[in-house]
Amino acid sequence: MVEAMHENHGIGLAAQQVGRALQLFVMDLRQSEAEFTWKLDGKPTPLDLIMPMIVVNPKVTVPKKRATHSAEEGCLSFPEIRGEVERPVAVVLHYQDEHGAPHVLECDGLLARCVQHELDHVQGVLFIDRMEAAVRATIDEEVKALAKRTKAESAPAPS
Ligand code: ZN
């Protein structure tokens with residue numbers, strides 16, 4: 001999954017996107033130029049030590065009274081399609097690493113957005129479902145075209 005994420009230049013990928021029904025996603029924001037802050041288990045930890053991050057059994061909480069922010073998102077499951085999504089600016093992610101050890105990641109900015117986007121995948125929610133109706137309407141044609149293409153590709157070959 002980490003390889004697939006890197007190959008597609010993504011910053012996150014959920015198990016559901018590769019056809020697995022697991023409570024698992026991966027993230028890697030080392031190449032991102034966006035500004036964000038984070039603490040792993042209460043300490044500032046270099047990204048190089050914690051990414052690519054494998055997140056198992058994620059639980060996300062939003063700190064009280066944190067503002068929301070609208071920003072453009074894309075998704076490896078929807079190539080070329082982007083749209084504004086409003087989300088809380090900061091979140092706290094409780095998860096287990098690949099060895100089963102529990103961790104707490106407090107983060108904001110793009111990292112918090114990535115966490116929420118991937119958590120949505122794990123819970124069966126897509127970013128296009130999170131868009132306001134007006135935003136969703138602007139990409140409706142593209143989504144329909146993509147659904148058509150995907151259907152055509154996955155149709156069984158005539159035998
Ligand atoms: Zn996605």
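Over region 2-154, average the accessible area per residue using a 1.4 Å probe and give it in Å², no decimals.
With the other protein chains kept in place, region 2-154 gives 59 Å² per residue.
Tell me, what HN-Hα J-couplings in whole Hz come from the Karplus equation 6.51 cos²θ - 1.76 cosθ + 1.60 at θ = phi - 60° for each residue of region 39-46, using x for Gly and Pro?
9, 9, 6, x, 10, x, 10, x
Once ligands and nucleic acids are excluded and a 1.4 Å probe is used, how much of Glu72 is accessible, expressed in Å² to the nearest 10?
Using a 1.4 Å probe on the heavy atoms, I get roughly 100 Å².
Got a sec? Which residues in region 59-91 would a label at Glu142 touch, if it sits 7 Å along Cα→Cβ and we count backbone N under 11 Å?
Output list for this probe position: 73-75, 78-84.
How big is the charge dipole of the chain about its Cα centre, in debye rounded to the nearest 20, if each Lys and Arg gets +1 on its Cβ and each Asp and Glu gets -1 on its Cβ?
Value, rounded to 20: 480 debye.
Each residue of region 68-78 in order: what ³J(HN,Hα) in whole Hz does its phi give by Karplus 6.51 cos²θ - 1.76 cosθ + 1.60, θ = phi - 60°, with x for Gly and Pro?
The phi angles translate into 9, 9, 9, 8, 6, 10, x, 7, 5, 7, 10 Hz.
Could you order Glu80, Glu98, Glu7 so the one with the most accessible surface comes first? Probe is 1.4 Å.
Glu80, Glu7, Glu98
Please name whichever of Ala14, Cys75, Val125 sits farthest to the positive end of the charge dipole of the chain, dipole taken about the Cα centre and charges placed at Cβ: Lys and Arg +1, Asp and Glu -1.
In the chain, that residue is Val125.
Mind checking the alpha-carbon convex hull of the chain and giving the volume per residue in Å³?
131
Stretch Arg30-Asn8 to full length: gain in nm at 0.36 nm per residue minus the Cα-Cα span?
Result: 6.4 nm gained on full extension.
For Thr150 and Ala71, calculate 0.36 nm times their separation in residues minus their Cα-Cα distance, and state this gained length in nm to one decimal.
Roughly 25.8 nm would be gained on extension.
Cross-link list Lys39/Lys65; Lys64/Lys144; Lys39/Lys64; Lys43/Lys65: which exceed 29 angstrom alpha carbon to alpha carbon?
Lys64/Lys144
Starting from the Cα of Glu86, step 7 Å along the direction of its Cβ; do the same at Val18; then give the gap between the two resulting points in nm.
Distance between label points: 3.5 nm.
How would you rank 105-113, 36-44, 63-71, highest first, on the average number of other Cβ atoms within 10 Å across their residues?
105-113, 36-44, 63-71
In the chain, what percent of the accessible surface is made up of carbon and sulfur (1.4 Å probe, ligands and nucleic acids excluded)?
The computed percentage sits at 53.
Can you list the residues, at least 5 places off or on another chain, whose amide H is less than 5 Å from the amide H of Gln23, using H built in the peptide plane?
Asn57
In whole Å, what are the extents of region 69-125 along the principal axes defined by its C-alpha atoms, from largest to smallest?
36, 23, 15
The values are calculated or read from the model by the stated rules, or taken from the named source; none is laboratory data. Just so it is clear, the model here is predicted, and its values are computed rather than measured. Quick reminder, even Gly has a Cβ in these numbers, built from the backbone with ideal geometry, and neighbours come from all protein chains shown. With ligands, DNA and RNA removed, areas are computed over all heavy atoms of the protein, side chains included. Shrake-Rupley method; radii C 1.70, N 1.55, O 1.52, S 1.80 Å.
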